[in-house]
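These notes concern the structure reproduced below.
The values are calculated or read from the model by the stated rules, or taken from the named source; none is laboratory data. Please read these numbers as outputs of a predicted model, since none were measured by experiment. Note that we place each Cβ from the backbone using ideal geometry, even for glycine, and neighbour counts take in every protein chain shown. Side chains included, ligands, DNA and RNA excluded: accessible areas come from the protein's heavy atoms. Shrake-Rupley method; radii C 1.70, N 1.55, O 1.52, S 1.80 Å.
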Number of protein chains: 2
Amino acid sequence: MTMSLVTGEPNGHPCTECAIRRLSVCAALDNAELRELAHLGRHVHFAACETVFAQEEITSSFYNLLEGVMRLYKLLPDGRRQIVGFALPGDFLGLAASARHNFSADAIGSAMLCQFSKSAFARFSEDRPDLLRRINELAVRELSQAQDHMVLLGRRSAEEKVATFLVGWRDRLVRVSGPSQRVPLPMSRQDIADYLGLTIETVSRTFTKLERDGVIEIMPGSIGLLDPARAEALAAA
Amino acid sequence: MTMSLVTGEPNGHPCTECAIRRLSVCAALDNAELRELAHLGRHVHFAACETVFAQEEITSSFYNLLEGVMRLYKLLPDGRRQIVGFALPGDFLGLAASARHNFSADAIGSAMLCQFSKSAFARFSEDRPDLLRRINELAVRELSQAQDHMVLLGRRSAEEKVATFLVGWRDRLVRVSGPSQRVPLPMSRQDIADYLGLTIETVSRTFTKLERDGVIEIMPGSIGLLDPARAEALAAA
DNA sequence: TGCCTGATTTGATCCGCATCAAAGACCGCC
DNA sequence: GGCGGTCTTTGATGCGGATCAAATCAGGCA
């Protein structure tokens, strides 16, 4: 299921005006470099639930996520799934420790990515220490998030997990689209469960409990954070 | 508790003959670069249970672990602990997403590290794309391990967790000290529990069960892997 | 508008691991 | 070699979240 659609060169929509430039790996490049990079990348579109790359596939491209949300996940042979992260615009995808992908990535809703061939990108970054440092910075940030998530998975209760997720998700959305009391949740309850190491029933019950306690308001496709302070307290504790 | 002891310049024990050179970040450097780097680093020793750096402390150094084993962990305000990894010789420590450490690091037994001031190391790496790429490689490998560990924490049973830990630990030791049927476990049962998101009692019971099943043999400070195939099957499933 | 389908919520019950408690095993030290 | 402290193992019990089951909701489409 990798029906991608090329919708245009980034130069049709020049990198210098890219909305997510400051968030992405491209923040390390000046306008001249950006013009050069533009020739190497192309925009590709994915519809809801399409897979961009799968675990164990040979890595052949890097991607900048431009629009949309993606789920990054690993499967066990018996079908158990762990979502290792959600990607938002500005995230850089495709780095792997070996020649194969460590995890799978699908679009949650419709998504637009900027694709680079791995070899061309490697050649471009070869003698650009600023870009290498930027990639490093993003990788280390990811690692730090992964470590925070290990604490959540290993040591927190269901209620703490859900509250931490909601607060963290809201904070990430702020960087992309600015603050808002309404928090969109494009992913399904099953996705949230697989991210938090819970079942869908426990996630649903915990949402209901938080709503009864006046912490959140449940709406289709989003929640309202009625009592952010209380949610943050649950997330910190 | 940061009673470090300077025991000598790396040039007293030249980098070119460093036992862990090929495993470490230094594998990216040639002999001339290594001689230059030697002036920037110094060997520091830590006794069992001493803290090398603590969560939230300002980052001021990078380290190469030369000898010994370290535990890397995060604490919640109420004292719950999650060990995010164990470091072995060759591991590079001190990278952080912000100016502060994301986690704490203690020596488990006695440990020797090669310390570099962050600023001096940053200056040295500034225009060395090979070194930057090497750091990248190590960071991405860490990230990949972290993602594997999330699957373990979120989706595996106690028995799978313990078996996966034993097999993975053995595999890591092989890279450092070569293959062996006896697997040293320098860390305590509590450390293992906090790594796997379990309690000490569950870890102990699971060890006992694996021994009853003929998979392992429990010895003080180590285990014997009697039936590696069965342990690997538990780890894979 | 009303049906059909998948997602979500709610309910009842069960089980794996946590918790509480106590008995061994190991180690350093005198 | 004996003693005290810590770490590990074992036992008894309880609970949080999983599992099984069914009702309700939301959204797409005729």
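For the protein assembly as shown, with the dipole built from +1 on Lys and Arg beta-carbon atoms and -1 on Asp and Glu ones, taken about the Cα centre, which of B:Ile216, B:Leu34, B:Gly168 lies farthest toward the positive end? Farthest towards the positive pole: B:Ile216. In nanometers and ordered shortest first, the copy-to-copy spacing of the A:Asp78 label point, defined 7 Å from Cα toward Cβ, is 3.0. Estimated at 0.36 nm per residue, the fully extended path between B:Ser117 and B:Arg175 surpasses their Cα-Cα distance by 18.1 nm.
Quick one: which of A:Lys118/B:Lys161; A:Lys74/A:Lys118; A:Lys74/B:Lys118 span more than 30 angstrom between C-alpha atoms? With Cα atoms farther than 30 Å apart: A:Lys118/B:Lys161; A:Lys74/B:Lys118. Look at the dipole of chain A built from charges on Cβ: of A:Val84, A:Ile200, A:Ser98, the Cα furthest out on the positive end belongs to A:Ile200.
Under the convention that each Lys and Arg Cβ holds +1 and each Asp and Glu Cβ holds -1, the size of the dipole of segment B:5-151 around its Cα centre is about 180 debye.
Heavy atoms of the protein chains alone define the surface here; on that basis the protein assembly as shown has 43 Å² accessible area per residue at 1.4 Å probe size. Close amide H partners of B:Ser110, meaning residues 5 or more places away or on another chain with modelled amide H under 5 Å apart, are B:Ala48. Taking amide H atoms as placed 1.01 Å from N in the peptide plane, the amide H of A:Phe53 lies under 5 Å from those of A:Ala105, each 5 or more residues away in sequence or on another chain.
Taking both sides together, the accessible area buried where B meets A is about 3700 Å² for a 1.4 Å probe.
Over the protein assembly as shown, the hull volume per residue, using the convex hull of the C-alpha atoms, is 152 Å³. The mean sequence distance of close C-alpha pairs (under 8 Å, at least 6 residues apart), as a share of the length of segment A:5-151, puts its relative contact order at 30 percent.
Here segment A:24-100 and segment B:32-110 have alpha carbon centers that stand 30 Å from each other.
Under the combined filter of DSSP loop state and at most 16 neighbouring Cβ atoms within 10 Å, segment B:61-159 retains these GluC sites (Glu not before Pro): B:Glu126. What the phi angles of segment A:112-128 give under the Karplus curve with 6.51, -1.76 and 1.60, with θ = phi - 60°, is a coupling list of 10, 10, 10, 9, 10, 5, 4, 5, 5, 5, 4, 5, 4, 7, 2, 10, 10 Hz, glycine and proline written as x. Taking amide H as placed 1.01 Å from N in the peptide plane, the amide H of A:Arg100 sits under 5 Å from that of A:Thr59, each at least 5 places away or on another chain. When B:Glu36 is represented by a point 7 angstrom out along its Cα-to-C-beta vector, the spacings to that point in the other copies are 2.2 nm, nearest first.
Each residue of segment B:213-218 is assigned a 3J(HN,Hα), and the resulting list reads 7, x, 7, 10, 10, 8 Hz, derived from the Karplus form 6.51 cos²θ - 1.76 cosθ + 1.60 (θ = phi - 60°), x at Gly and Pro.
Across the alpha-carbon set of chain A, the Rg to Rh ratio works out to 0.98, Rh being the Kirkwood radius. Karplus-derived 3J(HN,Hα) values for segment A:170-182, using 6.51 cos²θ - 1.76 cosθ + 1.60 with θ = phi - 60°, are 4, 4, 5, 5, 4, 5, 8, 10, x, x, 6, 7, 8 Hz; glycine and proline are entered as x. Normalised by residue count, segment A:81-207 yields a Cα convex hull volume of 128 Å³ per residue. Taking 7 Å steps out from each Cα toward its Cβ at A:Thr199 and A:Ala27 produces label points 4.2 nm apart. Two numbers describe the Cα atoms of segment B:151-191: Rg and Dmax, which are 11.4, 31 Å. The eigenvalues of the Cα gyration tensor, multiplied by 5 and square-rooted, give segment A:147-237 an equivalent ellipsoid with semi-axes of 18, 15, 14 Å from largest to smallest. The convex hull drawn around the Cα atoms of segment A:69-129, when projected onto a plane and averaged over every direction, covers 5.4 nm². About its Cα centre, the protein assembly as shown has a charge dipole of approximately 420 debye under the convention of +1 per Lys or Arg Cβ and -1 per Asp or Glu Cβ, with nothing else charged.
What separates the A:Arg172 label point from its copies, with the point 7 Å along Cα to Cβ, is 2.5 nm, written shortest first. Within the accessible surface of the protein assembly as shown, defined with a 1.4 Å probe on protein heavy atoms only, the carbon and sulfur portion equals 53 percent.
What net charge do the residues around A:Ser157 carry, taking every other residue with its C-beta under 13 Å from that of A:Ser157, with Lys and Arg at +1 and Asp and Glu at -1?
Residues close to A:Ser157 contribute a combined charge of +3.
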